[in-house]
Amino acid sequence: MTEQFAVDVAIIGGGTAACAAAVALREAGLTVAVLEKRLCGAGASGVNFGGVRQQGRHLAELPLARRSRVLWDNLNHLLGEDVEFEATGHIKLARSEADMAELERYAESAREHGLALTLLGANAVRDELPGVGPGIHGASLSPTDGQANPRVVGPAYARLARKRGVEVREFAPVRRAVSTGAGFEVEADGVTVRSHWLVNAAGAGAGVVASWFGERAPVSPLTPGMLVTEPLPYLVSRSIGVCGGDVYVRQIRRGNVIFGGGHGWGDVEIGLARPQAEESLGCMARAVDIVPALAGAQVIRTWSGVDGQMPDQIPVIGFSSTTSRLVHAFGFSGHGFQLGPVIGLIIAELIDEGQSISPIAPFAPQRFADWTDKPEAATA
């Protein structure tokens, strides 16, 4: 027998942003249900690199990243758990003079958004990272950026949501959602939820949800390739990225080095992915180019997951263009981990106040209203 109940807000998806929205909506006095097809925080929110960075973002995202960065300082207190956030700084390496020119241009633009970046020459980079490889021409340093444990953050938000009275239903994939005029009826495995508001935070599956309401959302799957080594002596004091984004490296408190690059194989429908050997081997080679001391390290685990990406590589955030009281938040294109806490606040502001204090116009769903290409073609 299918259980039925009613709430003010139903949320499809159980990632960090979804559960953060549930917490914020409860603080506003609304009743909330979260419907997740697997485990909360086990999708894109939990399989990413764990970078908490502002630098390198699309300029439209910088105001959101700036606002979110402040929230990370207080996240342990809010969640009542240690999410392993550390402001180690994020350093972006240039492997050519053209890369360095790109970093200089970005630093100038970022300054207009209040993000101060320090440009480093080749010798200064080696002062920061003595073990860096020989092919580095310079770098850009964002000292307030850092890293956290993605496997902890999403589940911690879900546990807090439950404590605040949110109906969190895991292993409850949503099969259908319709607008009833007075609100929504959402059918998931074992439960039917009626709500006044609906939030589409379904990650790689969000395009299907949007289509139920006649809205185009060309979401394609993104399956990051991730690896971790055995515990090692400390080699990497900063979270490292590179121009081109084909490898990224960080080292955690226990000494393990986490790095990523390339792609795995994924199945959007079930939300699972696995690494690919050739991609992992290529990532290892690039990581050794950046940090040569990794050459003798043992990789103890590899993994992947399924994220959703948009053709323009920035998310969809805002009110539906077709359906009243439907809010979208998806398509974070591989860089949503740092934004998760603030996206939760933005969703709650849209529902409770009708607008957000953050500038979200560039992320409007209607920008894809006339889209005709297949998502795969857009991201090939």
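The values are calculated or read from the model by the stated rules, or taken from the named source; none is laboratory data. Please read all numbers here as calculations on a predicted model, not as lab measurements. All Cβ positions, even for glycine, are placed from backbone atoms using ideal geometry, and neighbour counts span all protein chains on display. Heads up: the accessible areas ignore ligands, DNA and RNA and are worked out on the full protein's heavy atoms, side chains in. Shrake-Rupley method; radii C 1.70, N 1.55, O 1.52, S 1.80 Å.
A few comments on the model shown:
- Residue check for GLY14: open to solvent by 10 Å² or more (accessible area, probe 1.4 Å), in contact with a helix residue (DSSP H, G or I) (Cβ under 8 Å, 6 or more places away or on another chain) and at negative phi: no
- Some residue of region 283-294 being outside any helix (DSSP H, G or I), aliphatic (A, V, I, L, M), buried (at least 17 other Cβ atoms within 10 Å of the Cβ) and in contact with a Pro (Cβ under 7 Å, 6 or more places away or on another chain): no
- Subset tally (residues that are charged (D, E, K, R), within 25 Å of PHE259 (Cβ to Cβ) and surrounded by fewer than 24 Cβ atoms within 10 Å (Cβ to Cβ)) for region 300-335: 1
- Test for GLN309: is it polar (S, T, N, Q) and under 18 Å from the mean Cα position of the chain (by Cα): yes
- No other residue among GLY260, GLY305 is farther than 30 Å from ILE357 by Cβ and part of a loop (DSSP other than H, G, I, E, B) apart from GLY305.
- Under the condition of being assigned to a helix (DSSP H, G or I) and not aromatic (Phe, Trp, Tyr), the residues counted in region 36-73 number 17.
- Residues in region 11-35 that are assigned to a helix (DSSP H, G or I) and either among the hydrophobic types (A, V, I, L, M, F, W, C) or closer than 16 Å to ALA202 by Cβ (or both): THR16, ALA17, ALA18, CYS19, ALA20, ALA21, ALA22, VAL23, ALA24, LEU25.
- Screening the candidates ALA60, ALA124, ALA98 for the property of being surrounded by fewer than 18 Cβ atoms within 10 Å (Cβ to Cβ), in contact with a Pro (Cβ under 7 Å, 6 or more places away or on another chain) and either in contact (Cβ under 8 Å) with a residue 60 or more places away in the chain or hydrophobic (A, V, I, L, M, F, W, C) (or both) yields one hit, ALA60.
- Meets criteria (without any contact (Cβ under 8 Å) to a residue 40 or more places away in the chain, over 29 Å from ALA201 (Cβ atoms) and of a type in the set (Lys, Arg)) for ARG254: yes
- If you go through region 193-203 and keep only what is open to solvent by 20 Å² or more (accessible area, probe 1.4 Å) and either without any contact (Cβ under 8 Å) to a residue 12 or more places away in the chain or not in a loop (DSSP other than H, G, I, E, B) (or both), you end up with ARG194, HIS196, TRP197, GLY203.
- SER358 more than 29 Å from TRP265 (Cα to Cα) and open to solvent by 60 Å² or more (accessible area, probe 1.4 Å): no
- Strands (runs of 3 or more DSSP E) within region 82-169 that include 3 or more residues small (Gly, Ala, Ser): 138-142
- Number of the condition not met by ALA177 [criteria: (1) outside any loop (DSSP other than H, G, I, E, B); (2) within 30 Å of ARG69 (Cα to Cα); (3) small (Gly, Ala, Ser)]: (2)
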